[in-house]
1. Tell me, Kirkwood radius of the range 1-42 from alpha-carbon pair distances, in Å?
2. Across the range 132-149, in residue order, what do the Karplus-derived ³J(HN,Hα) couplings come to in whole Hz, using 6.51 cos²θ - 1.76 cosθ + 1.60 with θ = phi - 60° and x for Gly and Pro?
3. Taking amide H atoms as placed 1.01 Å from N in the peptide plane, list the residues 5 or more away in sequence, or in a different chain, whose amide H sits under 5 Å from that of Ile86.
4. Using a 10 Å cut-off around each Cβ, can you sort Cys84, Cys70 from fewest to most neighbouring Cβ atoms?
5. Which distance in nm do the two modelled labels at Ile5 and Asp26 give, with both placed 7 Å along the Cα-to-Cβ direction?
6. Based only on other Cβ atoms within 10 Å, what is the fewest-to-most ordering of Lys91, Lys33, Lys140?
7. Set the Förster radius R0 to 25 Å, insert the Cβ-Cβ distance between Asn105 and Lys72 as r into 1/(1 + (r/R0)^6), and round the FRET efficiency to 0.05.
8. Rank these for me by crowding, Val144, Val163, going from fewest to most other beta carbons within 10 Å.
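Just so it is clear, none of the values below were taken in a lab; they were calculated from the coordinates. Fair warning: this is a prediction, and the values are worked out from it, not measured in the lab. Cβ placement follows ideal geometry from the backbone for every residue including glycine, while neighbour counts extend to all protein chains displayed.
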Amino acid sequence: MSKPIKYPFITTPRASAAFTWLDKPDTAFGDEKYKVTLVFNKDDLGDGRIERGSKAVSGKEFMAYILELCNKHGVPARPGERGCPIKDGDKMADKEGNPREQFANCWVIQLKSGFKPDLVDTKGSALPASVSILNGDIVKALVVPAYRNVNGSDYLSLYLNKVCLVEKRVTATFDSSVFGEDDGYVVPTNPEPVSADADDSTTYSEEDFDF
């Protein structure tokens with residue numbers, strides 16, 4: 001495998017999250033990867049950003065930018081072709097050959113990372129451990145495009161770096177009645193404020209977060 005040729009990071013338009021493995025890696029088949037699939041409605045593409053987030057572009061221009069990078073390196077530049085990171089939901093099928101109706105009229109991009117991506121809100125602040133990004137939530141992703149050649153085949157990969165939670169549409173719920181009625185610990189509704197002297201080793205630069 002040749003050394004990847006990387007490009008400045010880009011920020012995707014908003015998308016619906018699917019097949020999310022962001023709090024812990026998917027260990028199926030020994031893959032050990034953090035994952036999220038972005039589902040974009042073809043008729044309602046929002047704006048994206050390119051050139052390290054410095055340039056806003058329409059959703060169509062964002063997709064065209066990715067395909068231009070494919071063309072530059074001889075990677076197939078039609079969504080769904082091997083090596084192209086964009087899939088056409090209208091042409092996706094399950095193992096039995098049945099259309100994947102949940103992806104109809106959508107562009108689909110699957111993102112992976114061997115490292116846990118930063119999960120942030122729209123201001124760039126880290127999401128607390130109590131907030132998980134779930135299937136159906138609206139997100140944007142900061143990714144690094146990279147061309148690579150693997151065993152003679154050309155690919156344009158989008159390396160997952162950060163995921164921004166734009167809209168929380170799904171909440172994990174649990175019916176506590178299965179434990180019966182016991183008095184005991186209840187999460188406080190107004191927890192004590194954290195001291196201003198508390199250590200916060202996580203820092204973010206505004207230049208890294210132009211969602």
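1. Values: mean 1/r = 0.0780 Å⁻¹.
Radius from the Kirkwood sum: 12.8 Å.
2. Each residue of the range 132-149 in turn: 10, 7, 10, 4, x, 5, 9, 9, 10, 10, 9, 10, 10, x, 8, 8, 8, 10 Hz.
3. Placed amide hydrogens put Gly80 under 5 Å from Ile86.
4. On the way: Cys84 20, Cys70 23.
With the fewest neighbours first, Cys84, Cys70 line up as Cys84, Cys70.
5. 2.9 nm
6. Ranking Lys91, Lys33, Lys140 by Cβ neighbours within 10 Å, fewest first, gives Lys91, Lys33, Lys140.
7. Working: r = 28 Å, r/R0 = 1.13.
Taking R0 as 25 Å, the efficiency between Asn105 and Lys72 is 0.30.
8. Starting with the residue having the fewest Cβ neighbours, the order is Val144, Val163.
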